[in-house]
Structure formats: structure tokens, C-alpha cells
Amino acid sequence: MTSEQARHIVLVGIGGAGKTTVASKAGDVLGWTSVDTDDLIAEVVGVPAGDFFSAAGEPAFRDVEAFVLGNVLDELAPCVVATGGGAVLADTNRELMRENALVIWLRASIPTLVARVGSGKGRPTLGDDPAAAYQALLATRHDVYEQAAHETLHTDDLSLDQVTNAVVALARQHGLGTSVSGATP
């Protein structure tokens, strides 16, 4: 990706990393729309994304996820996209993100993630033991997050405003969002 090609910012990371919240705040700062692919999936299938994942299974969920991600990244107006934690699993999704967006991995430690999600209710990939689930998920997803991301933000010791400011600063370093000057969250 070159700064001339990127039109969007895509936030990737494991569930609980703060993608949705940061996307919303960064979108506000940049004056861009923010979207969450799980919300878009729910619009397409008519039920919450987690319910669809549980009922239809992961392959069906990933198909719809790829469809909505492609539609969002095809938009001309810039936006900040919060993806589901597994959106990076498909090679085509990673390629699409990298070609059309600045991809930022919001990375957090397992203790931080567990503190953020509590029991993991509503997060079908976490089951009854979020810490163990995170350990397993990160073991299989670490490399694909790394492959997908242009930039990585370690968020453990950062406030929401600090993470938002870092995302906006990275966007500006890559030539995105420069028409809004001096805005802070």
C-alpha cells in the first residue's frame, strides 16, 4: 500500500482489543465515518453477528464477513473500519485490507483482554474460559495479524484517548486524514 492507494483505516486485533471503540473515536477526530463489520454482518443476516456465528457456523460467518468487508473497502468515502477478530484469517481479506487501507493491529496482552471482556459473554470464540481461549486464538492468529498490519499499537498501558491519538497520528504519517488539522479526541 502507498499513501496514494489507501482510502481507509482498518483496525484488526483479537476480540476485546478495543477496535470498535477506537474506530468510533478516531472517525470522530478525522471527520470520517466509522463502521464495525460485526454490525454490518448483523444488518445483512438479520441477527447479531455472534448469534449468526453460533447458529450458522464459522465458515458461513466468514463468507458474510468477507462480503461486507469487500463492500466497505470499495466505498470511496474514507472510513475507519473495526473488523472482527478473525477477519484476518482469509488471505483474500488480508490482501484486500492491505491494498485499500492502512491496517493497524491493536495489540493487547491476555490479562488486559480478559479484564476488558470479563466472562466473554456474547463472544462465541471465547467460551467459558476467556484466558485459555485467548491463549489458543493468539497462538493461531498472531502471524496473520502481523501479516495484515502495516502498523502495530501495543495498547496495554494506554488510555482510550492515547490509542485514538496514536491511530490518528499513524494515519497522518501515512498521508490520511490530513485535511483535518489540530483535532484531538
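The values are calculated or read from the model by the stated rules, or taken from the named source; none is laboratory data. Predicted, not measured: the structure shown is a model, and the values here were computed from it. Backbone-built Cβ (ideal geometry, glycine too); neighbour counts: all protein chains shown.
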Only one of (1) modelled with pLDDT of 95 or more; (2) closer than 29 Å to GLY127 by Cβ fails for ILE9. Which number is that? (2)
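This table checks each residue for (1) assigned to a loop (DSSP other than H, G, I, E, B); (2) farther than 26 Å from PHE67 by Cβ.
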| residue | (1), (2) |
| --- | --- |
| LEU96 | no, no |
| LEU102 | no, no |
| TRP105 | no, no |
| LEU113 | no, yes |
| ARG123 | yes, no |
| ALA131 | no, yes |
| LEU137 | no, no |
| ASP143 | no, no |
| ASP157 | yes, yes |
Can you pull out the residues in the stretch 40-61 that are charged (D, E, K, R) and either in contact with a Phe, Trp or Tyr (Cβ under 9 Å, 6 or more places away or on another chain) or at pLDDT 95 or above (or both)? GLU43
Within the stretch 2-13, can one find any residue that is of a type in the set (Lys, Arg), in contact with an Asp or Glu (Cβ under 9 Å, 6 or more places away or on another chain) and surrounded by 14 or more Cβ atoms within 10 Å (Cβ to Cβ)? yes
Could you please find all residues in the stretch 36-90 being β-branched (Val, Ile, Thr) and part of a loop (DSSP other than H, G, I, E, B)? VAL47, THR83
Given the conditions (1) at pLDDT below 95; (2) surrounded by 13 or more Cβ atoms within 10 Å (Cβ to Cβ); (3) under 15 Å from ASP28 (Cβ atoms), every one holds for HIS174 apart from (3)
For the stretch 128-165 the number of residues that are among the charged types (D, E, K, R) and under 28 Å from ASN100 (Cα atoms) is 6
Is there any pair linking a residue in the stretch 155-169 that is more than 13 Å from ALA26 (Cα to Cα) to one that is among the charged types (D, E, K, R) and modelled with pLDDT of 95 or more, with Cβ under 7 Å and at least six apart or on different chains, and which? THR155/ARG107
